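Novice: Just dropping this structure here.
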Amino acid sequence: MSTVEVAVATIGKAHGLRGEVALLLRTDRPEERLADGTAFALDVPGAPRTLTVAGTRVQQGRWYAKFVEVTDRTAAEQLRGAELTLEVDPEAEAEEDPDAWYAFELQGLTVRHVADDRVLGEVIDLEHYPAQDLLIVRGADGRRVMLPFVEELVPEVDLEQGVVRADPPGGLFDDDVVSERDPEIDPGHEG
């Protein structure tokens, strides 16, 4: 069985004086992926090569972590922006949760409207932001559309069918809406 690297969290601001950091979660299984003793390999200049979770806590819906190797605010500040990733076995995890998927599996899926099944575009990426993740979709006209990846707007991801079902807000995929064009998608377009 082969493993894949999955993003668990991005380290945010240092919190307090003893090395605690805020986390921007990238997993729907934080209790499992950030369990005490979990070790993450790190490639950040001036930072420890390994971070071992000493503890986590949730305050007002935000996750915070303390690592064995980070004992003060200065060391915690050096970690800001670092990605915490783990190697996982997708086949083993699929047995536990058959509806689970990984971000890399979304690329190339067709985005269809939930109401009339019309093709809206193709997923080209998933970008993570503090408020929510965004599905980056190449629209039928070549535009780069950023679709908030929330259940209300994206109620279904069906890997077997190769489809993401979406109920985007009015105008998001319409031709008259001004949006950013991606030069890799639409190289001939000039501002």
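Novice: If you go through segment 117-137, how many residues are assigned to a strand (DSSP E or B) and free of Cβ contacts under 8 Å to residues at least 24 places away in the same chain? So that I can check it myself, show each step before the final result.
Specialist: Residues of segment 117-137 that are assigned to a strand (DSSP E or B), as a first pass: 119-128, 133-137.
From the residues that got through so far, the ones that are free of Cβ contacts under 8 Å to residues at least 24 places away in the same chain too are 119, 122, 125-127, 133-134, 136.
Total meeting the criteria: 8.
Novice: Continuing with the same structure: If only one of D43, D89, D36 is more than 30 Å from E156 (Cα to Cα), modelled with pLDDT under 95, in the same structural domain as G12 (by TED's automatic domain parsing) and acidic (D, E), which one is it?
Specialist: D43
Novice: For segment 138-163, which positions are assigned to a loop (DSSP other than H, G, I, E, B) and either within 15 Å of the chain's Cα centre (by Cα) or outside the structural domain of V114 (by TED's automatic domain parsing) (or both)?
Specialist: F149, V150, E151, V154
Novice: Quick check, is D72 among the charged types (D, E, K, R) and modelled with pLDDT of 90 or more?
Specialist: So D72 fits the description; yes.
Residues checked against (1) surrounded by fewer than 20 Cβ atoms within 10 Å (Cβ to Cβ); (2) within 16 Å of V163 (Cβ to Cβ):
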| position | (1), (2) |
| --- | --- |
| A115 | yes, yes |
| D125 | yes, no |
| V137 | no, yes |
| L147 | no, yes |
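The values are calculated or read from the model by the stated rules, or taken from the named source; none is laboratory data. Owing to the predicted nature of the structure, the values given are computational and were not obtained by experimental measurement. Every residue, glycine as well, gets a Cβ built from its backbone with ideal geometry; the counts of neighbours run over all protein chains shown.
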